[in-house]
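Report on one structure; see the data block that follows.
The values are calculated or read from the model by the stated rules, or taken from the named source; none is laboratory data. Owing to the predicted nature of the structure, the values given are computational and were not obtained by experimental measurement. Because the Cβ atoms are built from the backbone with ideal geometry, glycine has one as well, and the counts that use them run over all protein chains shown. Each accessible area value is taken on the protein alone, full model and side chains, heavy atoms only, with ligands, DNA and RNA left out. Shrake-Rupley method; radii C 1.70, N 1.55, O 1.52, S 1.80 Å.
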Amino acid sequence: MRLDFKIGVGIIVFAGFLYFILIPVGIEKASVEWKGGIGVLKTAALSARLFPRMLAITIGLLGALLVFGDLYRKAGRFRIKQPKVEIESRTWIVMAVLVCYFGVIFVVGYLYATILALCLLMYCFGMNRIYRILLFSVLGTFAIYLVFEKLLYIQLPKGWLIDFPL
C-alpha cells in the first residue's frame, strides 16, 4: 500500500473517533426542560456539537479523497504535473503569500484578499489555465463566504478600503 492510502485511512479512522467518541463525550448536548407541558431549551438553539461534527465530517471526507485519489492514481488514470516552482522556494512563496494575505485581509476584506491569494497559490502549485484558476478561486471563496456569513452567521473581515455589500 502507498503512503497516501495509509494516511487517508488513518484520517478517516481519526474522524470517526472524533465524531462518535470525543465529541459526544466532551461537548454537552443541548437539552430541553419541560415546564407545564412546554419544552424550553436550557442551552442554545443550535447544539454546541454542530460545528465540531461538521469539522469531523470534513476531515473524514478529505481522508476519503486521499484514499480514492491514491486508488485512482494507482489505476494509472491520473498523472501528477510537475509544479512550476521548486519545492523549497515554493515553501517560501506560500509563507510570503500567507503573510501578505493576513496583512491585506483587514484592508481590502475577505473576498478580494482570498481570491488574490488563492490565484497566486494555485499558480505556484502548477495550475496554469487562467480560467480554471479564476473559476476555482472565485467559486471557492464565495462558497466559504456563504457558509460562514449566511449559514453559520460568522462574520468575515469586510475591509475598510473596499466595502463590498453582499
key: Radius 13 Å from Cβ of residue 114, net charge of other residues (Lys, Arg +1; Asp, Glu -1)   = 0
note = Reported to the nearest 10 Å², residue 122 has, with a 1.4 Å probe, an accessible area equal to 40
ask   = Going from most exposed to least, what order do 125, 148 have by accessible area with a 1.4 Å probe?
value = 125, 148
inquiry  = Given the whole protein assembly as supplied and a 1.4 Å probe, what does the accessible area of residue 146 come to in Å², nearest 10?
reply    = 100
task = May I ask you to compute the full-extension gain from residue 68 to residue 51, defined as 0.36 nm times their residue separation minus their alpha-carbon distance, rounded to one decimal in nm?
result = 3.6 nm
Chain lengthening between residue 14 and residue 123 when straightened (0.36 nm per residue, less Cα-Cα) = 36.1 nm
inquiry  = Through the Karplus equation 6.51 cos²θ - 1.76 cosθ + 1.60, θ set to phi - 60°, convert the phi angles of segment 117-132 into ³J(HN,Hα) values in whole Hz; use x for Gly and Pro.
reply    = 5, 5, 4, 5, 5, 5, 5, 4, 8, x, 7, 10, 8, 5, 5, 5
ask   = By how many nm would the segment from residue 98 to residue 27 grow when fully extended, if each residue of separation counts as 0.36 nm and the alpha-carbon distance is taken off?
value = 22.3 nm
inquiry  = I want the local charge near residue 70. Using Cβ-Cβ distances under 10 Å, sum +1 for each Lys or Arg and -1 for each Asp or Glu among the other residues.
reply    = +3
